[in-house]
1. How many residues are among the hydroxyl-bearing types (Ser, Thr, Tyr), under 21 Å from Leu59 (Cα atoms) and in contact with a helix residue (DSSP H, G or I) (Cβ under 7 Å, 6 or more places away or on another chain) when one looks only at segment 1-48?
2. Between residues in segment 38-50 that are at pLDDT 95 or above and residues that are of a type in the set (Phe, Trp, Tyr), which pairs lie under 6 Å by C-beta distance while being six or more apart or on different chains?
3. Select from segment 49-75 the residues that are small (Gly, Ala, Ser) and in contact with a helix residue (DSSP H, G or I) (Cβ under 6 Å, 6 or more places away or on another chain) and list them in ascending order.
4. State all residues of segment 55-71 that are surrounded by fewer than 16 Cβ atoms within 10 Å (Cβ to Cβ) and either of a type in the set (Val, Ile, Thr) or closer than 18 Å to Tyr7 by Cβ (or both); if no residue qualifies, say none.
5. Tally the residues that are assigned to a helix (DSSP H, G or I), farther than 30 Å from Leu12 by Cβ and of a type outside the set (D, E, K, R), restricting the search to segment 45-82.
6. Does segment 2-29 hold any residues that are at negative phi and not in a helix (DSSP H, G or I), and which are they?
7. Return yes when Ala32 is small (Gly, Ala, Ser) and part of a loop (DSSP other than H, G, I, E, B) and no when it is not.
8. Might you check whether a residue that is β-branched (Val, Ile, Thr) and either within 17 Å of the chain's Cα centre (by Cα) or exposed (fewer than 11 other Cβ atoms within 10 Å of the Cβ) (or both) occurs anywhere in segment 75-91?
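The values are calculated or read from the model by the stated rules, or taken from the named source; none is laboratory data. Since the structure is predicted, the reported quantities are computational estimates derived from the model, not experimental observations. No Cβ is skipped: glycine too gets one built from the backbone with ideal geometry, and neighbour counts run over all protein chains shown.
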Amino acid sequence: MGVTLRYTVLRLGIFVLCLVVAREAGAVGWLAILIAAVVSVLLSLVLLRRQREQMAAALQQRIDGRIDARQNGTAKKSRFARGVDEDNAAEDR
């Protein structure tokens, strides 16, 4: 499982757990969701620090790879960029 997916699943799990606890404590509707959201953010900041740092490092490696590929001229163009190039070529004819 990728680090981003793992972090996201853990965040959602903490939120659901907080929502269940808030509902059991008597909060209903939007109040329960609001309480769960605030508490889960605070808990995830403390409990998921390592996973967040791993995810940030993985994203940074991916960005660095894209920057290197662009600088070396080995980057693949996105479908959108290829479409823009085709449109520009058609206008030049």
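1. First pass over segment 1-48, keeping only residues among the hydroxyl-bearing types (Ser, Thr, Tyr): 4, 7-8, 40, 44.
From the residues that got through so far, the ones that are under 21 Å from Leu59 (Cα atoms) too are 4, 7-8, 44.
Among the residues that remain, those that are also in contact with a helix residue (DSSP H, G or I) (Cβ under 7 Å, 6 or more places away or on another chain) are: 4, 7, 44.
The number of residues fulfilling the criteria is 3.
2. From segment 38-50, the pairs are Ser40/Phe15.
3. As a first pass, look at segment 49-75 and keep what is small (Gly, Ala, Ser): 56-58, 65, 69, 73, 75.
Matches in segment 49-75: Ala58, Ala75.
4. From segment 55-71, those surrounded by fewer than 16 Cβ atoms within 10 Å (Cβ to Cβ) are 56-71; that's our starting set.
Of everything in segment 55-71, those that are surrounded by fewer than 16 Cβ atoms within 10 Å (Cβ to Cβ) and either of a type in the set (Val, Ile, Thr) or closer than 18 Å to Tyr7 by Cβ (or both) turn out to be Ala56, Ala57, Ala58, Leu59, Gln60, Gln61, Arg62, Ile63, Ile67.
5. If we filter segment 45-82 for residues that are assigned to a helix (DSSP H, G or I), which is where we start, we get 45-47, 49-72, 79-82.
Among the residues that remain, those that are also farther than 30 Å from Leu12 by Cβ are: 67-72, 79-82.
With of a type outside the set (D, E, K, R) added as a condition, the list becomes 67, 69, 71-72, 80-81.
Matching residues across segment 45-82 total 6.
6. Across segment 2-29, the qualifying residues are Gly2, Ala25, Ala27, Val28.
7. Values: small (Gly, Ala, Ser): yes; part of a loop (DSSP other than H, G, I, E, B): no.
No: the conditions fail for Ala32.
8. Keep residues of segment 75-91 that are β-branched (Val, Ile, Thr), which gives 84.
Then keep just the ones that are either within 17 Å of the chain's Cα centre (by Cα) or exposed (fewer than 11 other Cβ atoms within 10 Å of the Cβ) (or both); that gives none.
Scanning segment 75-91 turns up no residue that is β-branched (Val, Ile, Thr) and either within 17 Å of the chain's Cα centre (by Cα) or exposed (fewer than 11 other Cβ atoms within 10 Å of the Cβ) (or both).
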